[in-house]
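**Student:** There's a structure below that I have some questions on.
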């Protein structure tokens, strides 16, 4: 069996979907959690100076979505055709657009400006995306693509706790289909087991 080593910070964020997919696969993995100072010492050794990275049998791969796409195929959670893969990629890429909007606000240094951005996100950006996600889930049998569980479900779910922490608001609870979807993914036995044992972090 392959050996896996995930390197990221001691947060959930972009590392959590990878951890969840590996857990879903029943794979043991080394979960390396760096401090910022530790990362700065080894940053130059990373292929593109970014985290997370995943070593598979000693070969390093980067980019969280690409890593999850690879693991999703290994887990049997990819599409069964190019069209199904496209539907998965559309959801993942659209969610990434939304996530980047939130990350931009989260790193705002001015507290007053940051709060204004947070409220604007809750009033405008969240409804724009989540109304559409809610409809998609309703049309896809409770999943985000192709009417069945895919790696996209775990990718989005894995980042959901971080979004709640960043926005200081449980944005998922206001949309009934999203709320039910989130509860459903959380109750997949392997995911539920991971949530119960994972380290408790702020993000």
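**Student:** Can you list residue pairs whose Cβ atoms sit under 9 Å apart, with the first residue in the range 106-129 being within 20 Å of residue 174 (Cβ to Cβ) and assigned by TED's automatic domain parsing to the domain that holds residue 168 and the second being exposed (fewer than 13 other Cβ atoms within 10 Å of the Cβ) and at pLDDT below 95? Count only pairs 6 or more apart in sequence or on different chains.
**Tutor:** Final answer for the pair search is 117/104; 118/168.
**Student:** Which residues, counting only those in the range 180-203, are part of a loop (DSSP other than H, G, I, E, B), at pLDDT 95 or above and within 22 Å of residue 166 (Cα to Cα)?
**Tutor:** 198
**Student:** Between residues in the range 69-92 that are free of Cβ contacts under 8 Å to residues at least 40 places away in the same chain and residues that are assigned to a helix (DSSP H, G or I), which pairs lie under 7 Å by C-beta distance while being six or more apart or on different chains?
**Tutor:** Taking only residues 6 or more apart or on different chains, not a single pair turns up.
**Student:** Could you please tell me which pairs satisfy a Cβ distance under 7 Å, a separation of 6+ or placement on different chains, a first residue in the range 35-51 that is outside the structural domain of residue 8 (by TED's automatic domain parsing) and at negative phi, and a second residue that is part of a loop (DSSP other than H, G, I, E, B) and modelled with pLDDT under 95?
**Tutor:** none
**Student:** Just give me the residues in the range 139-176 being surrounded by fewer than 18 Cβ atoms within 10 Å (Cβ to Cβ) and either closer than 27 Å to residue 82 by Cβ or not assigned by TED's automatic domain parsing to the domain that holds residue 87 (or both), in sequence order.
**Tutor:** 139, 141, 142, 147, 148
**Student:** Further, regarding this structure: Condition test on residue 21, is it within 24 Å of residue 200 (Cα to Cα) and at pLDDT 95 or above?
**Tutor:** In short, yes.
**Student:** With the structure loaded, tell me whether residue 91 is touching a helix residue (DSSP H, G or I) at 6+ places or on another chain (Cβ under 8 Å), over 23 Å from residue 198 (Cβ atoms) and surrounded by 12 or more Cβ atoms within 10 Å (Cβ to Cβ) or whether it fails that test.
**Tutor:** When the stated conditions are applied, residue 91 passes them.
**Student:** Restricting attention to the range 1-24, which residues are surrounded by fewer than 19 Cβ atoms within 10 Å (Cβ to Cβ) and out of contact with any strand residue (DSSP E or B) (no Cβ under 7 Å at 6 or more places or on another chain)?
**Tutor:** 1, 3, 11
The values are calculated or read from the model by the stated rules, or taken from the named source; none is laboratory data. Everything numeric in this text was worked out from a predicted model, so none of it was measured. Because the Cβ atoms are built from the backbone with ideal geometry, glycine has one as well, and the counts that use them run over all protein chains shown.
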